[in-house]
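Here, each number is a calculation from the coordinates, and none is a lab measurement. Since the structure is predicted, the reported quantities are computational estimates derived from the model, not experimental observations. Here Cβ is always computed from backbone atoms with ideal geometry, including for glycine, and neighbour counts include all displayed protein chains.
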Amino acid sequence: MQIVPTKVVWMDGKLVPWDQATIHVASHVIHYASSVFSGGRCYRRANGDPVGFRLYDHAKRLVDSCKLTLMADQLPYSVDDIYHAIIQTIEANGLVPCYIRPVIYRGYGELGVMSRNCPVNMFILIQDWGSYLGDRPARVMVSSRRRPRSDSMFMGAKTGANYQPGQYMKNLATMLGFDEAIALTEDGLVSEGSGENIFMVRDGVLYTPDLASSVLGGIMRDTVITLARDLGIEVREQRIPPEFLYTSDEVFFTGSAAEITPIGLVDTTPIDQTPGNITTLIRRSLFGIINGPDVEGQPGWMTRHGGWLTSLNLATE
Ligand SMILES: Cc1ncc(COP(=O)(O)O)c(C=O)c1O
């Protein structure tokens, strides 16, 4: 999806015009990928109201990623500050629906691998971003690249550096005519897509790789597990052999960008049910909450009240 300039970018506490939202080439992040980020969405409900989906959880995971990259003690913002800065950025741009990309990174200071003497900077930009993998079932390949183990890199952190194998997987998959690639763990078990978690349905049971399978702890992953259990569906988070990818009744990706995307083909094997009944049920439940206005999901999931979007001249509750 092509980037389209918006009015402003939030940079280190200020709203900066799009064209002035730049960083210096000497910044540590340019040389050593010293960044962490997140990506959430603000939706417009069927009745016109804007709603942020699990934005506080995105801010919290961002700070957790800073802890895992030894930036948290130098970060001048709390989870609350980041959450409010996200809202301020949406409001200042007046763009709903939107995808929100906060990035925390090591800026301009010293050259060299040691980054503690470089400042911890932050920006937030938003974009009008449609469905990440398109509207038809995804065609995926199993990659020859493995997701590293968390004793090499913390795979539960959302760091820029963690996306190196992912970029290779995704680029090669699209060059070969697929939409996305799935990585296995270093032990050869199912891990996740380059930008999504993965779920499989077998005989009515929902499976997803556990958090020790080199996956990112996706906020949509957690949402889907919660919604499935609410619907009475048995969910198993466990180590998963790659055979499940080819022989499950339903397979789907989850992510804040990808939402819930059914998978129709793995390498050369079509998936029997695309989208299957359980995928459809969970998707309906998710969009029931997003579209509202009467269903809310878990406490704290939705940002909708209190007039924070009043300058957009939209109804608030
Ligand atoms: C590697 C990876 N796994 C999983 C996810 C899903 O995470 P979330 O649901 O928090 O968007 C993403 C999303 O960006 C991702 O990049």
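For the chain, the residue among Val25, Ala181, Cys98 whose Cα projects farthest onto the positive side of the dipole built from Cβ charges is Val25.
In debye to the nearest 20, how big a dipole does the range 70-154 give about its Cα centre with +1 on each Lys and Arg Cβ and -1 on each Asp and Glu Cβ? Provide the component values of the computation, followed by the final result.
Working: 9 positive and 8 negative charges, 143 e Å.
About 680 debye.
Using only side-chain charges placed at the Cβ, +1 for Lys and Arg and -1 for Asp and Glu, the dipole size of the range 138-291 relative to its Cα centre rounds to 340 debye. Proximity of backbone amide H atoms, modeled 1.01 Å from N, is registered between Met155 and Ser150 at under 5 Å, excluding neighbours fewer than 5 places apart on the same chain.
Count the DSSP beta bridges whose two residues both fall in the chain, then state the antiparallel fraction as a percent rounded to the nearest 5. The antiparallel fraction comes to roughly 80 percent. Close amide-amide hydrogen proximity is noted between Gly40 and Ile100, each under 5 Å apart and 5 or more residues distant or on a separate chain (H modeled in the peptide plane; Pro and chain starts excluded).
The dipole here belongs to the chain: it is taken about the Cα centre, uses +1 on the Cβ of Lys and Arg and -1 on the Cβ of Asp and Glu, and is about 520 debye.
Its alpha carbons considered, the range 135-291 gives a radius of gyration followed by a Dmax of 14.4, 41 Å. The phi-based Karplus calculation (6.51 cos²θ - 1.76 cosθ + 1.60; θ = phi - 60°) puts the 3J(HN,Hα) values of the range 81-94 at 4, 5, 4, 5, 5, 4, 5, 4, 5, 5, 5, 5, 8, x Hz, whole numbers, x for Gly and Pro. Calculated [222 nm] ellipticity per residue, helices only, for the chain: -7500 deg cm²/dmol; basis is -39500 (n - 2.57) per DSSP H run with n ≥ 4, divided by all residues, nearest 500. Restriction of the trypsin sites (Lys or Arg not before Pro) in the range 106-188 to DSSP coil positions whose beta-carbon has at most 16 other beta-carbons within 10 angstrom yields Arg116, Arg149.
Annotation: amide H of Ala161 within the under-5 Å range of Ser35, sequence separation 5 or more or interchain, hydrogens built in the peptide plane.
Kindly work out what percent of the DSSP beta bridges joining two residues of the range 138-291 are antiparallel, to the nearest 5. Spell out each step's value before the answer.
Details: 17 of 29 bridges.
Around 60 percent of the beta bridges assigned by DSSP in the range 138-291 are antiparallel ones.
Would you calculate the volume per residue, in Å³, of the smallest convex hull containing every Cα atom of the range 120-228? Present the calculation step by step, with values, prior to reporting the outcome.
Working: hull volume 16.3 nm³, N = 109.
Dividing the Cα hull volume of the range 120-228 by its residue count gives 149 Å³.
For the chain, the Cα-based Rg and Dmax, in that order, read 19.6, 56 Å. Overall shape of the range 54-95 was characterised from the C-alpha gyration tensor. The equivalent ellipsoid obtained from it has semi-axes of 22, 10, 7 Å, in decreasing order. GNM on the chain, alpha-carbon springs under 10 angstrom: the most fluctuating residue among Gln20, Gln74, Gln238 is Gln20. Please list, or write none, the aspartates and glutamates whose alpha carbon is within less than 18 Å of the alpha carbon of Lys67, excluding same-chain residues fewer than 8 places away. Cα-Cα hits under 18 Å: Asp57, Asp80, Asp81, Asp151. Sequence-ordered 3J(HN,Hα) estimates for the range 197-207 from the Karplus curve with 6.51, -1.76 and 1.60 and θ = phi - 60° stand at 7, 10, 10, 9, 10, 9, 6, x, 9, 9, 10 Hz, glycine and proline given as x. Each residue of the range 156-169 was assigned a 3J(HN,Hα) from its phi angle through the Karplus expression (A = 6.51, B = -1.76, C = 1.60, θ = phi - 60°), giving x, 8, 9, 9, x, 4, 5, 8, 5, x, x, 4, 4, 4 Hz with x at Gly and Pro. Per residue, the convex hull spanned by the Cα atoms of the range 8-130 measures out at 100 cubic angstrom.
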